[in-house]
């Protein structure tokens, strides 16, 4: 794995191309540029290893969530919201052949030469356009030949949706309509699906109602039955606002990407059910090898040796509020400690892995996270980010992933 710089005299062209041709509408976070000045190159061996590990973990995750869906009493350690009890119970009709299951596993290289996984984005992983278009643009700008391969995530996801949705049907792209960074994700996929002949509607969660499990758009000027739903609203957000008649979403047989079954693995409490899963004959071998030891705060406090643990929010996203002291901004770590003290059930303690940085062209340390997608159980591409600190959060930059050598 190595960093290949975007030529300095071509970087402005690259960044503009990212914005106007690659749906990268949010090229900055606060004062930080979030379009990396590098491409990340994986060797063929690294690529094949990540494909194997990703698909192995995904097999375990899918088996786990289907078992938990059929044995809800075993899911109690996850601490799922009580207000969702009836909705979760209505998922008993879940049929994976009717829905598109999308996940992204976040891998980090470590100083011992192995990989560590920080989480699975089981519910609504992002980075669609960055994973699909930036690698092609970077390859062209840098001037790399065809020995460098690109795996287009967007093509794989769009084709999966196409196979499970009525031909020329209507799909709603559900997202937080007030956020441009959410819209760019949906716009990219919506444009791809529209080119396949689907009618695309862009709306929010409260623009859908369910009648006997069938979704209907109530968006002004677009009132109609829906043949598919592509959701980018995190499920815990949707359930907080609880739109009228949204409960039917949990039992709908209309194609959904992602179906609410994603909530079992989305919570960082997922490791707390592994013992129950293994007693039922479901292997969690790869999860145990790749995810650092995770404990409830109350159990962490009982440890004689508490060194080497960090704090993670149960429903954190994009690295927010992860308590890595050396990676936190001024005053942030103390705020996290206070939150852990006053709201211990909102956090977990997790053994810290030591990220192995790559070296930049000026000798700077660059920490990377390689997000590896799956679509219906198969590895489907990469979304990577790079940071000058060992926490990959909103300040990190998006970096395209290229594979050295041919891919299968």
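The values are calculated or read from the model by the stated rules, or taken from the named source; none is laboratory data. Owing to the predicted nature of the structure, the values given are computational and were not obtained by experimental measurement. For neighbour counting, all protein chains shown are included, and Cβ atoms are generated from backbone atoms with ideal geometry for every residue, glycine included.
Scanning the stretch 52-71 for residues that are surrounded by 15 or more Cβ atoms within 10 Å (Cβ to Cβ) and within 21 Å of residue 213 (Cβ to Cβ) returns 65, 66, 69.
Quick grid of which residues meet (1) assigned by TED's automatic domain parsing to the domain that holds residue 372; (2) assigned to a helix (DSSP H, G or I); (3) surrounded by 21 or more Cβ atoms within 10 Å (Cβ to Cβ):
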position	(1), (2), (3)
124	yes, no, yes
136	yes, yes, no
141	yes, yes, no
145	yes, no, no
167	yes, no, no
186	yes, yes, yes
192	yes, yes, yes
202	yes, no, no
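Residue 256 meets each of the listed conditions (1) in the same structural domain as residue 162 (by TED's automatic domain parsing); (2) more than 18 Å from the chain's Cα centre (by Cα); (3) crowded, with 18+ Cβ neighbours inside 10 Å; (4) not in a loop (DSSP other than H, G, I, E, B) apart from (2). Looking across the stretch 382-397 at every residue that is in contact with a strand residue (DSSP E or B) (Cβ under 6 Å, 6 or more places away or on another chain) and over 10 Å from residue 40 (Cβ atoms), the one that is surrounded by the most Cβ atoms within 10 Å (Cβ to Cβ) is identified as 383.
Within the stretch 267-285, can one find any residue that is touching a helix residue (DSSP H, G or I) at 6+ places or on another chain (Cβ under 8 Å), surrounded by fewer than 21 Cβ atoms within 10 Å (Cβ to Cβ) and under 29 Å from residue 365 (Cα atoms)? Checked the stretch 267-285: no residue is touching a helix residue (DSSP H, G or I) at 6+ places or on another chain (Cβ under 8 Å), surrounded by fewer than 21 Cβ atoms within 10 Å (Cβ to Cβ) and under 29 Å from residue 365 (Cα atoms).
Selection within the stretch 16-34: residues that are in contact with a strand residue (DSSP E or B) (Cβ under 6 Å, 6 or more places away or on another chain) and not in a helix (DSSP H, G or I). The member of this set that is farthest from residue 397 (Cα to Cα) is 27. Applying the set (1) at positive phi; (2) surrounded by 15 or more Cβ atoms within 10 Å (Cβ to Cβ) to residue 30 leaves exactly one unmet item: (2).
Here residue 302 clears all of (1) exposed (fewer than 11 other Cβ atoms within 10 Å of the Cβ); (2) in contact (Cβ under 8 Å) with a residue 12 or more places away in the chain; (3) in a loop (DSSP other than H, G, I, E, B) except the condition numbered (2).
Against the numbered list (1) within 30 Å of residue 309 (Cα to Cα); (2) crowded, with 20+ Cβ neighbours inside 10 Å; (3) at pLDDT below 95, residue 113 comes up short only at (2). Restricting attention to the stretch 305-354, the residues being in a strand (DSSP E or B) and within 18 Å of residue 367 (Cβ to Cβ) number 5.
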